[in-house]
Each structure stands twice: as C-alpha cells, then as structure tokens.
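Below: one structure, written as structure tokens.
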Amino acid sequence: MKLFVLNRKSKEEILVERLKKNDALAQKELYEQSSKKMLSVCRSYIEDMHYAEDCMINGFCKVFNHIEKFQNKGSFEGWMRRIMVNECLTFLRANKTLIYVDDVRVSNYDEADEEVEETWLNFNVQDMLDQLSEPYRLVFNLHILEDYSHQEISEMLNISVSTSKTQLFRAKAKLKEIVLSKKKMTNEKQR
C-alpha cells in the first residue's frame, strides 16, 4: 500500500501566488493584515506620522510591483519589512540632512545596563525612540530592530563602522537616560 503525501501550501504561499497574478483582492488582504505592523516599522524610523504613512504606502506599492522577486525563501514579512526600511531610508536621505558625530572613541560599545533593558519595556518604546536624534534612531533601529551588522549599516548610511558603533552607543546612553528619568517620575507618582 502506497501512501501519498500531499504538499499543502500555507496561507502565505497562496497569498503570494495570488499577489504574483496581480489579484487586487489579494493586495487588499495583504494591506489589511500587514499595514499596522508595517506602519509601526516606518514609524520607528520616521517621527512624523504622515510621512511614515507615505513611506508605508510607497513600500506597499513596491511590494506589489516587485512581488515576482520574492522567491519564497525566508520570511515574506521579513522581505516586506526590508522594503519598508529601505523606503524610509530613501525618504530620509531625500528630505533631511543627517549629521553623524564622527568616530568618538568609546571604551566598550557593547556594554549593556541590564536594569535599563528590563525597565524600558514598561514604557512606550515609540515615545522613547522619538526622543532620539534621527542619526541615533536610524543606527539603533537598523542594528537592534533589524539586526544589521555595523558593516552593513556603514554601507547603507555611507558612514564608517566606528561612527555606526558610536551612534549606537550614544543612542543606548540616551535611552538609558530617558528610562531612568521615566522610572524616577513613576516612582515619585507612586509616593
């Protein structure tokens, strides 16, 4: 007796196939199920909500126009996320002059304060990211949220590796300052 194994496609694979056929309902479905998450990605890079929405919409247009380039290797959401991040970087390059503080020597770039890392999740992360300068936020997001290496960030932003590390160190220091300030205010309110 022979057993036949059916190779069932996931919902995501079926949706991608429909997108590749330019199915407008599939495009609407993808937008409805992913727009909040992709807007959150764009918003983490761009402070102004309207510009973040513009980047997200442009990103979705690119997803729909270049869907044939997705080869079902890796995560489809990850592929879309990368498009959104690139769209945000393109927007920032075109509309803002980013100034990076050059290569300040810092003793230990990877030093972490566990108390701050545990505490900061109790607060609105987007609010804290909005308090970072744009160069700090970009490097922080690319390294921490998107998991790019400092070498990749240096190539994407046309900065040196050590400048990328410096920006990340300073972003973490600023976030630590913000967290400690918020923690102090919270403790004072509880008294």
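See the values below:
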{"quantity": "Glu68 of a type in the set (Asp, Glu) and surrounded by 12 or more Cβ atoms within 10 Å (Cβ to Cβ)", "calculated": "no"}
{"quantity": "Sole exception among (1) assigned to a loop (DSSP other than H, G, I, E, B); (2) within 18 Å of Leu175 (Cβ to Cβ); (3) modelled with pLDDT under 85; (4) open to solvent by less than 90 Å² (accessible area, probe 1.4 Å) for Leu132, by number", "calculated": "(3)"}
{"quantity": "Selection count where residues are within 17 Å of Val85 (Cβ to Cβ) and free of Cβ contacts under 8 Å to residues at least 40 places away in the same chain, scope the stretch 11-39", "calculated": "3"}
{"quantity": "Members of the stretch 39-65 that are open to solvent by 60 Å² or more (accessible area, probe 1.4 Å) and either part of a loop (DSSP other than H, G, I, E, B) or among the polar types (S, T, N, Q) (or both)", "calculated": "Ser40, Glu47, Asp48, Asn58, Asn65"}
{"quantity": "Selection from the stretch 144-170 of residues that are more than 20 Å from Val41 (Cβ to Cβ) and either outside any helix (DSSP H, G or I) or open to solvent by 30 Å² or more (accessible area, probe 1.4 Å) (or both)", "calculated": "Gln151, Glu155, Asn158, Ile159, Ser160, Val161, Lys165, Phe169, Arg170"}
{"quantity": "Test result for Asn58, more than 22 Å from Leu168 (Cα to Cα) and modelled with pLDDT of 95 or more", "calculated": "yes"}
{"quantity": "Some residue of the stretch 66-80 being under 20 Å from Ser133 (Cα atoms) and assigned to a helix (DSSP H, G or I)", "calculated": "no"}
{"quantity": "Among the candidates Glu117, Glu77, residue that is open to solvent by 70 Å² or more (accessible area, probe 1.4 Å) and at pLDDT below 90", "calculated": "Glu117"}
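The values are calculated or read from the model by the stated rules, or taken from the named source; none is laboratory data. Everything numeric here is computed off the predicted structure, so don't read it as measured data. Methodologically, a virtual Cβ is constructed for each residue, glycine included, from the backbone with ideal geometry; neighbour enumeration extends over all protein chains shown. Only protein heavy atoms, including side chains, enter the accessible area calculation; ligands, DNA and RNA are left aside. Shrake-Rupley method; radii C 1.70, N 1.55, O 1.52, S 1.80 Å.
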